[in-house]
Amino acid sequence: MEYLDFPVKKIREGLTEVFVPDLDFFEKPFPSYLPVFFNPIMELNRDFAVLVLQVFQSENRRWLDVCEPLAGCGIRGIRFAKEVEGVKKVVVNDINLKAYMLTQKNILLNKVENFVEAYNEDANFLLTKYAKKGGRFDVVDLDPYGSPIPYLNSALRATKSEGLLCMTATDMAVLCGVHQKACLRHYGAKPLRTEYCHELAVRILFGSVAVSAAKIDLAVEPVFCHSTDHYIRVYVKVLRGAKKADQTLRQLGYIFHCFRCLNREVFHEIFPDFKLKCQVCGSLMDFSGPLWLGKLWEKEFVKKMVETVDKKILGQKKRITKILERILEEVDGNPTYYVLSHLCDLINVPVPPLTIILERIRKEGYKAYPTHFNSQGIRTDIPVETLKRILSKTR
């Protein structure tokens with residue numbers, strides 16, 4: 001390692017060993033301060049990515065060409081090469097010269113130099129080189145520090161028809177409504193600081209991707225997403241055709257929220273009445289959007305992930321299994337969820353066990369599911385006043 005001017009150590013994820021910056025030797029051991037970006041907390045993210053790519057490959061039954069244009073030390077791309085059956089070629093890239101050099105070392109360490117190529121270029125420039133027909137990738141994985149939006153257009157163009165575009169967003173303060181102007185600039189949508197803001201964040205990102213894709217006659221079809229730790233992660237299939245793009249845009253709309261009584265309304269319209277009064281309490285409602293109102297998950301795809309997870313060597317397997325089981329429960333649920341502590345604070349009652357409330361909602365004839373977005377969350381079609389009545393009787 002004589003050509004690197006910073007200390008490194010060897011770590012293992014899945015079947016892959018790589019050299020990464022040794023956090024113990026840095027005054028500020030945060031990913032953005034390191035000479036080469038590496039975040040150990042994102043192992044779950046990378047485990048999920050390996051699992052999703054394996055299911056995608058098994059569904060399509062073809063060899064995959066994969067691109068990771070923001071590779072850091074290259075761990076994600078190398079894991080794809082070693083751990084996903086059916087991967088033919090992986091292109092990894094980072095504009096940071098030290099990251100490029102460390103990635104090359106890691107490629108040699110894992111003996112995947114025959115089908116993993118490393119580049120030291122601007123991410124958008126690299127993706128644009130592969131944008132023409134015949135040169136595109138089956139999978140493009142955007143895992144930036146912050147928002148994926150600066151790379152979105154190039155990534156869409158570099159993804160094959162029926163290909164998979166994967167994106168991480170860590171700018172949760174923007175997507176969850178702390179910085180509303182930044183969300184409007186980056187994603188073209190208005191966020192809301194609500195108890196279900198993490199779901200709104202996913203829907204805003206899906207919606208922004210759909211709008212960007214439609215501008216170049218592409219459509220997107222969400223297959224999977226998850227909200228964990230400090231980020232959200234989404235996966236969409238990219239489809240070609242103006243008619244398909246038009247159909248995708250019909251899934252956009254707004255979610256209106258009443259901060260007084262916690263009622264919410266869904267509108268599949270681009271230009272609804274923005275001065276909408278709550279049907280429950282009469283207060284003026286606030287809103288978020290435009291955002292994605294369609295399904296967040298492809299149910300059969302999630303089922304195949306559950307079937308495949310035990311076949312993979314994943315460090316976060318137990319947590320992944322728990323998240324997938326929870327997602328399968330909520331996959332057919334309505335947009336947004338209620339958080340018990342917020343409702344109980346509003347009506348001044350103790351917070352009851354989640355399982356009891358789920359059972360009582362179902363006895364009333366409504367659907368009710370837990371959600372992976374929040375451990376106290378309930379995804380249900382019950383009117384908010386009926387839910388408050390159930391909670392007020394639970395002592």
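The values are calculated or read from the model by the stated rules, or taken from the named source; none is laboratory data. Quantities reported herein were computed from a predicted structural model and do not represent experimental measurements. Because the Cβ atoms are built from the backbone with ideal geometry, glycine has one as well, and the counts that use them run over all protein chains shown. Heads up: the accessible areas ignore ligands, DNA and RNA and are worked out on the full protein's heavy atoms, side chains in. Shrake-Rupley method; radii C 1.70, N 1.55, O 1.52, S 1.80 Å.
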Please indicate, with yes or no, whether at least one residue in the stretch 83-102 is closer than 22 Å to I320 by Cα, part of a helix (DSSP H, G or I) and in contact with a helix residue (DSSP H, G or I) (Cβ under 7 Å, 6 or more places away or on another chain).
-> yes
Could you pull out every one of the helices (runs of 4 or more DSSP H) wholly within the stretch 172-279 that has 2 or more residues that are without any contact (Cβ under 8 Å) to a residue 12 or more places away in the chain and touching a helix residue (DSSP H, G or I) at 6+ places or on another chain (Cβ under 9 Å)?
-> 180-187
Which listed residue is open to solvent by less than 10 Å² (accessible area, probe 1.4 Å) and within 22 Å of Y338 (Cα to Cα), from L175, L165 = L175
Based on what the data block shows, is A210 touching a strand residue (DSSP E or B) at 6+ places or on another chain (Cβ under 9 Å), surrounded by 24 or more Cβ atoms within 10 Å (Cβ to Cβ) and either within 17 Å of L184 (Cα to Cα) or not charged (D, E, K, R) (or both)?
-> yes
Say we look at the stretch 18-55 and pick out the residues that are among the charged types (D, E, K, R) and either open to solvent by 20 Å² or more (accessible area, probe 1.4 Å) or not in a helix (DSSP H, G or I) (or both); which of these is farthest from K303 (Cα to Cα)?
-> E27
What are the pairs, 6+ residues apart or on separate chains, where a residue within the stretch 352-367 that is open to solvent by 70 Å² or more (accessible area, probe 1.4 Å) has its Cβ under 7 Å from a residue that is at pLDDT 95 or above and among the hydroxyl-bearing types (S, T, Y)?
-> E364/T386; Y366/T380; K367/T380
Scan the stretch 88-109 and give yes if some residue there is open to solvent by 10 Å² or more (accessible area, probe 1.4 Å), without any contact (Cβ under 8 Å) to a residue 12 or more places away in the chain and of a type outside the set (D, E), otherwise no.
-> yes
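Each row is one residue, and each column tells you yes or no for (1) part of a strand (DSSP E or B); (2) charged (D, E, K, R); (3) surrounded by fewer than 23 Cβ atoms within 10 Å (Cβ to Cβ); (4) out of contact with any Gly (no Cβ under 8 Å at 6 or more places or on another chain).
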{"site": "L126", "(1), (2), (3), (4)": "no, no, yes, yes"}
{"site": "K133", "(1), (2), (3), (4)": "no, yes, yes, yes"}
{"site": "V139", "(1), (2), (3), (4)": "yes, no, no, no"}
{"site": "G146", "(1), (2), (3), (4)": "no, no, yes, yes"}
{"site": "P150", "(1), (2), (3), (4)": "no, no, yes, yes"}
{"site": "A155", "(1), (2), (3), (4)": "no, no, no, yes"}
{"site": "S161", "(1), (2), (3), (4)": "yes, no, yes, yes"}
